[in-house]
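Beneath this line is the structure, given in structure tokens, with notes to follow.
The numbers here are math on the coordinates, done by the rules we state, and not lab data. A quick note: this is a predicted structure, and the numbers were derived from the prediction, not measured. When we count neighbours, we look across all protein chains shown, and the Cβ atoms used for this are built from the backbone with ideal geometry, even at glycine.
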Amino acid sequence: MIRCTVALIVFACAAAAQDPSAFASSFQPQGAHEDADYQTGRKALDNSDWDTAVRYFTASAARKGPDADAALYWKAYAQEHAGRLEDALSTINALRRTYASSRWLNDAQALQVEIQARSGAHVDPAAEPDEELKMIALNSLMQSDPKQALPIIQKVLQGNSSEKIKEKALFVLTQSGDPEAGKILSGIARGDRNPDLQMKAIRYMGMMGGDAVRNELASVYNSTSNKEVKHAILRSFMQSGSRTFLLNAATSEKDPDLRHDAIRQLAMIGAVDQLWQIYGSSPSADEKETILKSMFMTGNSSHLLDVARSDRDPRLRLAAIKSLGLMGSNGQADALVAIYRSDSNREVRDAVLNALFLQNNGKALVDLARSERDPEMRAEVVKKMSLVHTKETTEYMMEILNK
């Protein structure tokens, strides 16, 4: 028995001397070699080494292991990227024949649509069995033959497809530079389809930007009496950074709600100059208050500080102080402390304390508590301070407890 074992070892060593790789593979667990081929193929994909990937995925698929269907898909993917379109289609057909229930079939079908579009073959979205695949086919067709794709997209939008698919069809329209696609999108924005699609079309148009799209949205805004549609267009103006259109709406719109919405959208895109222009010309205290409450979004504190210090209307000073409180470290804490000490209006002083609390400025609150002579106001300062957990507030609370 011992002599047999020794003989086997000698034989194995001799074999290793002739072919080390064969000797090593004899000790690998079954299936390890095919995993190595698959993983090597994936690494080749990452390096865009398409020919190497094809070779290793071919080896992995040939053994019909657990990764064989995935290997066929990635082989077709690599062949497509290498420009071997007919080979890629052949590999997809092999995947479909051999693994009829594979989870990779949908991906393979999508890849097939892309390959057919690249090769100039006719792509018929209506022939696709799955709605998602229909959209992939439509997108490919839109790139290669917009005139053929547009009637199909219109049919999708007019038909009984799900709202999700209709929304994707709208998105495909936004990716096209074809003027006819723009007309379809504009028609939907004007209410040619259901209200949900109308809102989505307006949103997509805002994402597209460009003067032509902005002018079209302005035209829709001026022609509709639907407030919901107008609000959606104002949000689209914000998305496209359309300061001129928002300024026009904020100054000429008759509806106060829409004017205030236009002001908020201007603040969201940091339109400080435009907001201050409206503030200076507006006779309405309500509108001025809306501007002040929105201006914290611009990150510009200088105008707010001017109002907080010197405006004759306490209501506007309060609105400015509240916005400064929402601006964090940019909220002019030293100036707020100075306002607290110089202004006798209780509401203004309370607003300053709240602003410092929102800024988490424990040091400023402690300084005010130390200098405040009014017991009632000092108690208010300490209440705010108790909600701010900083080193300064902790030390001050310890002082109170140790007295």
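Note the full-extension length gain between D334 and F171 as 0.36 nm times their separation in residues minus their Cα-Cα distance, in nm to one decimal. Provide the component values of the computation, followed by the final result.
Working: separation 163, 0.36 × 163 = 58.68 nm, distance 4.96 nm.
Extending this stretch completely gives an extra 53.7 nm.
Give me the base-10 log of I(q)/I(0) for the range 35-121 at each q in 0.11, 0.23 Å⁻¹, Debye formula, one uniform scatterer per Cα, rounded to two decimals.
Relative scattering, expressed as log10 I(q)/I(0), comes to -0.25, -1.07.
With θ set to phi - 60°, apply the Karplus curve 6.51 cos²θ - 1.76 cosθ + 1.60 along the range 378-392 and write out the HN-Hα couplings as whole Hz, x wherever there is a Gly or Pro.
Here the 3J(HN,Hα) series is 4, 4, 5, 4, 5, 4, 5, 4, 5, 9, 10, 9, 10, 4, 5 Hz.
How many nm separate the modelled label positions at D286 and D306, each set 7 Å beyond the Cα in the direction of the Cβ?
Between D286 and D306, the simple spin-label model gives 2.6 nm.
Identify the trypsin sites (Lys or Arg not before Pro) of the range 243-349 meeting these criteria: DSSP loop state and at most 15 other C-beta atoms within 10 Å of the C-beta. It would help to have the intermediate numbers written out before the result.
Working: sites: R243, K254, R259, R264, K288, K293, R309, R312, R315, R317, K322, R341, R346, R349; in loops: K254, R312.
When the trypsin sites (Lys or Arg not before Pro) of the range 243-349 are filtered for loop state and at most 15 Cβ neighbours within 10 Å, K254, R312 remain.
Can you give the relative contact order of the range 307-403 as a percent, counting alpha carbon pairs under 8 Å and 6+ residues apart? Intermediate values should be presented prior to the final figure.
Details: 104 pairs, mean separation 21.9, N = 97.
The value is 23 percent.
Just list whichever of K43/K168; K64/K164; K43/K164; K166/K254; K200/K254; K200/K288 have alpha carbons separated by over 28 Å in the model shown.
Working: K43/K168 33 Å; K64/K164 38 Å; K43/K164 35 Å; K166/K254 34 Å; K200/K254 26 Å; K200/K288 32 Å.
Checking Cα-Cα distances, K43/K168; K64/K164; K43/K164; K166/K254; K200/K288 exceed 28 Å.
On a full-extension model of 0.36 nm per residue, what is the gain between L326 and D196, subtracting their alpha-carbon distance, rounded to one decimal in nm?
On the way: separation 130, 0.36 × 130 = 46.80 nm, distance 3.45 nm.
Fully extending the segment from L326 to D196 adds 43.3 nm.
For a label point 7 Å from the Cα of N360 along Cα→C-beta, name the residues of the range 317-347 whose backbone N is under 19 Å from it.
Zone members listed by number: 323-334.
Going through the range 135-238, which trypsin sites (Lys or Arg not before Pro) have at most 10 other Cβ atoms within 10 Å and a DSSP loop state?
Values: sites: K147, K155, K164, K166, K168, K183, R190, R193, K200, R203, R214, K227, K230, R235; in loops: R190, R193.
Here no trypsin sites (Lys or Arg not before Pro) fit, given the DSSP loop and packing criteria.
Over the range 343-403, one equal point on each Cα, no solvent: what is log10 I(q)/I(0) by the Debye formula at q = 0.15, 0.16, 0.20, 0.27 Å⁻¹?
-0.39, -0.45, -0.69, -1.20
Want the number for D178 to N345: 0.36 nm per residue separation, take away the alpha-carbon distance, what's left? Working shown, then result.
Working: separation 167, 0.36 × 167 = 60.12 nm, distance 6.20 nm.
That works out to 53.9 nm of additional length.
When the Cα centres of the range 56-108 and the range 246-299 are compared, how far apart do they sit, in Å?
Each part's Cα centre sits 59 Å from the other's.
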